[in-house]
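Comments concern the structure below.
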Amino acid sequence: MTFEHFALNVAKPVEMGQWYVENCEMKIVRSMDNYPYTRFLTDKAGKVMLEIYSNKTARIPEYGKQNPLEFHFALTVDDPLKVKDKLISAGATFEEEIKMDDGSHLIMLRDPFGVPLQLCKRGKSMI
């Protein structure tokens, strides 16, 4: 088996998708311009997708009220501090920063839609 995507039911998928394209080097590979406004986004490696949509038949979680340890997704970056500043300038908010003994540098943010987003620079690549 190969991981294809994970999905989030969100209030504003069109706006959220555009934010990730403009600020996180993501690309929309499939979209629906009508309800439920689905967007499939992929990172620059193109190996995993994030699906976002707004389907009113299911509850839209209050991501901004969830502890990031309950749910978050992570992006690898070369310079976590530089990317943190860029994303905060684009509307993200800061949660916490962790420097680990193995040299890893993790920064937890929330995107402008409340979804926890972790920036990772690993001391040693995990993949």
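For the stretch 87-127, a residue qualifies if it is touching a residue at least 60 places away in the same chain (Cβ under 8 Å) and aromatic (Phe, Trp, Tyr), and exactly one does: Phe113.
Yes or no: Lys82 in contact (Cβ under 8 Å) with a residue 60 or more places away in the chain, over 20 Å from Lys12 (Cβ atoms) and not in a loop (DSSP other than H, G, I, E, B)? No. The residue that is nearest to Ile28 (Cα to Cα), among those in the stretch 52-68 that are out of contact with any helix residue (DSSP H, G or I) (no Cβ under 9 Å at 6 or more places or on another chain) and surrounded by 11 or more Cβ atoms within 10 Å (Cβ to Cβ), is Asn55. When the strands (runs of 3 or more DSSP E) confined to the stretch 1-77 are screened for residues that are touching a His at 6+ places or on another chain (Cβ under 7 Å), those reaching at least 3 such residues are found at 49-53.
For the structure I just gave you, tell me whether Val115 is among the aliphatic types (A, V, I, L, M), under 14 Å from the mean Cα position of the chain (by Cα), surrounded by 14 or more Cβ atoms within 10 Å (Cβ to Cβ) and closer than 17 Å to Met16 by Cβ. In short, yes. Consider Glu70 carefully, then state whether it is assigned by TED's automatic domain parsing to the domain that holds Met126, over 13 Å from the mean Cα position of the chain (by Cα) and modelled with pLDDT under 95. Answer is yes for this residue.
Can you confirm whether Leu41 is outside the structural domain of Lys124 (by TED's automatic domain parsing) and surrounded by 13 or more Cβ atoms within 10 Å (Cβ to Cβ)?
yes
Residues in the stretch 85-127 that are polar (S, T, N, Q) and either in a loop (DSSP other than H, G, I, E, B) or closer than 19 Å to Asp43 by Cα (or both): Ser104, Gln118, Ser125. Could you grab me the full set of residues in the stretch 4-40 that are without any contact (Cβ under 8 Å) to a residue 24 or more places away in the chain and not polar (S, T, N, Q)? Once the filter is applied, which keeps residues that are without any contact (Cβ under 8 Å) to a residue 24 or more places away in the chain and not polar (S, T, N, Q), the stretch 4-40 yields Val21, Glu25, Lys27, Ile28, Val29, Arg30, Met32, Asp33, Tyr35, Pro36. What residue, among those in the stretch 73-82 that are under 13 Å from the mean Cα position of the chain (by Cα) and farther than 13 Å from Pro116 by Cα, is surrounded by the most Cβ atoms within 10 Å (Cβ to Cβ)? Once the filter is applied, the top-ranked residue is Val77. One residue alone among Lys99, Lys47 is surrounded by fewer than 15 Cβ atoms within 10 Å (Cβ to Cβ), not assigned by TED's automatic domain parsing to the domain that holds Glu15 and not β-branched (Val, Ile, Thr), and that residue is Lys99. For the stretch 8-36, taking the residues that are among the polar types (S, T, N, Q) and over 23 Å from Lys82 (Cα atoms), the one that is surrounded by the most Cβ atoms within 10 Å (Cβ to Cβ) is identified as Asn9.
The values are calculated or read from the model by the stated rules, or taken from the named source; none is laboratory data. As the structure is a computational prediction, the values presented were derived from the model and not from experiment. Ideal geometry is used to build each Cβ from the backbone, glycine not excepted, and the neighbour counts take in all protein chains shown.
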